[in-house]
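The values are calculated or read from the model by the stated rules, or taken from the named source; none is laboratory data. All values reported here derive from a predicted model rather than from experimental measurement. Neighbour counts run over all protein chains shown; Cβ positions are idealised from the backbone, glycine included. Protein only, heavy atoms only, side chains kept; ligands, DNA and RNA dropped before computing areas. Shrake-Rupley method; radii C 1.70, N 1.55, O 1.52, S 1.80 Å.
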Amino acid sequence: AIVYEWSGLTQLAKVLESHFGIQRVVVVPGDYNEDHTILSMLGKEAALQFMSAAFDEQVVAVTGGKSVASLAQFLHPLDGQKDITFVAARGGIGHEMQMQANTLVATFAMQMETQYRTLFLPEHLSEQAYQAMLTEPMVTEMMAFYDQADCVIHGIGSAEEMAIRRNSSPEDLRILEEKGAVSEAFGYYFNADGEIVHRIRTIGIQLEQVQNSEQVIAVAAGKQKVNAMLSYFKVAPKQTIFVTDEAAAKAIAAKI
Ligand code: F6P
């Protein structure tokens, strides 16, 4: 019966893969909203996908959030793999400490006995501060890492939830709503057609750099993110591996 169930999930994954035009979809059984322990199954699958393709001197950009955090406990040192560097994909501090990209890269590196780079900057920078930051050596060094990113591991959020989590001003919330922002990933907000409608002004990986990286692992679960997923996957790079839960995958399949 279990085999049958998994093969049903494989079918479901195939439907999403071909609709989104991405490399792979991995669906874990169950409903994240009913059972939050499903998050660790997600983390396990995502960690396996990552470790199976990891290589020496790989540069891996990592975003914050609980979905990406779920990989941590499943990462372990790999034979023959030495110099992986985990880099925080953005300088923002919009999450609780445990879920911040800066914390996650340190944890991932500890688990795999490798290195990491952090970037501590405010979540929202003024235009002037932003321009000044661009010339700071610590920032230019991070930008160079983003250019070299071989892999990006990221979460996907609903635009509204992320704007609230980030304490965006009422003015920003209004702009996002007006522009029809539906999803958010690595600091970019996208509308239902997958067009960029807003970007947080902080130092972080650029969409083009994500597109140029060899491997992209997106981790997101829960039916409440279905519209965000449908929006983000309009622009997701083809090389993306998407790890999600059964309830969200079924809700997506019902809408496409
Ligand atoms: O803030 C980092 C981030 O990865 C966002 O880009 C994304 O929208 C969100 O976290 C996902 O968070 P969670 O996995 O906790 O829902």
Collect the residues in region 181-196 that are open to solvent by less than 30 Å² (accessible area, probe 1.4 Å), of a type outside the set (S, T, N, Q) and away from the ligand (no atom under 12 Å from the Cβ), keeping them in residue-number order. Gly194
Inside region 135-168, can you point out the residues that are open to solvent by 50 Å² or more (accessible area, probe 1.4 Å) and assigned to a loop (DSSP other than H, G, I, E, B)? Thr135, Glu136, Asn167
State yes or no: is Gly64 closer than 17 Å to Cys151 by Cα, buried (at least 16 other Cβ atoms within 10 Å of the Cβ) and either within 14 Å of the ligand (Cβ to nearest atom) or in contact (Cβ under 8 Å) with a residue 40 or more places away in the chain (or both)? yes
Which one of these does Gly222 not meet: (1) at pLDDT 95 or above; (2) within 9 Å of the ligand (Cβ to nearest atom); (3) open to solvent by 10 Å² or more (accessible area, probe 1.4 Å)? (3)
What's the number of the condition Phe86 fails, among (1) outside any strand (DSSP E or B); (2) under 14 Å from Met142 (Cβ atoms)? (1)
Scanning region 67-91 residue by residue, the ones that are open to solvent by 20 Å² or more (accessible area, probe 1.4 Å) and within 14 Å of the ligand (Cβ to nearest atom) total 2
Which count do you get for residues in region 238-256 that are under 14 Å from the mean Cα position of the chain (by Cα) and either open to solvent by 10 Å² or more (accessible area, probe 1.4 Å) or without any contact (Cβ under 8 Å) to a residue 40 or more places away in the chain (or both)? 1
